[in-house]
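No lab work stands behind these numbers, since they all come straight from the coordinates. Nothing here was measured: the structure is a model prediction, and the numbers come from that model. Every residue, glycine as well, gets a Cβ built from its backbone with ideal geometry; the counts of neighbours run over all protein chains shown.
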Amino acid sequence: MSKIFFTSDLHFSHKNIAKFCPQFRRFASVEEMDEHLVAMWNRTVSPEDEVYNLGDLSFSHDLKHITHLLSRLNGRHHLIFGNHDDLIQRHISRFFQTTKADGHPLLASAQPYLKLKLPEINNTLILFHYPINEWDGCHKGWYHLYGHLHDRLAPLSGRALNVGFDLHGRFLSPQDIDTLLRPLPAVSHFGEAEPMPDTPDTASIWVEQKLAEFNPRAAE
């Protein structure tokens, strides 16, 4: 039976990433780091499994290098675009049309945002590279998975989780995510409990006041 995994911000070929997030990247060279990541991926993911990768796959600017890298990774690979995936986006047809040894395309899908229903944990997931304050279904208890922050968690209320490699040191399964997020409460939509101004002038004043509240240092 196939399995599903989640990860983010692998940063293949990024020689300086270990300076910022050293805990799982103690290697003598970027080549050694890349080989470790490929080996970890293929130990975890079999050819019939699926991986949802929430962005920033590689720092390489060499299209052939990225193509070769992806050809070595097992399974059906779904990419949520991050801020360092521009090269892949520009040549996306190449990654859809090139087939790996396991019979799957280099990328099974690629998109900036994805709503994913998972019967395994009886919930819906909102996948986006960046953490967001309010996501579709947050008030229903739907999960928001993000990356971008590497080894940090965004200070978000509700069922949201950074699935980044630099935070966990491994890929996460749906059960891992459910264990972490299921005990947390769902959150309400922002702004529902507060009366709103009803003219453009009062709205402008209200917005200015709220921005100052949200950013207290700006008022100093």
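Annotations for the structure displayed:
- For segment 125-214, a crude dipole built from +1 on the beta carbon of Lys and Arg and -1 on the beta carbon of Asp and Glu, taken about the Cα centre, is about 480 debye to the nearest 20.
- Spin-label proximity, L63 to segment 104-123 - amide N less than 20 Å from point 7 Å beyond Cα toward beta carbon: 105-111
- Placing a label point 7 Å from the Cα of F20 along the Cα-to-Cβ direction, the residues of segment 77-114 with a backbone N closer than 17 Å are 81-87.
- Over 20 Å [Cα-Cα, segment 1-87], rounded percent: 32
- Pairs exceeding 25 Å between alpha-carbon atoms, taken from K3/K100; K15/K117; K3/K115; K15/K115; K19/K100: K15/K117; K15/K115; K19/K100.
- Length-normalised contact order for the chain - Cα pairs under 8 Å, 6+ apart - percent: 19
- Evaluated at q = 0.12, 0.19, 0.25 Å⁻¹, the base-10 log of the normalised Debye intensity for segment 120-186, with identical point scatterers placed on the Cα atoms, takes the values -0.26, -0.67, -1.18.
- Globularity ratio of the chain, using Cα Rg and 2.2 N^0.38 Å: 1.16
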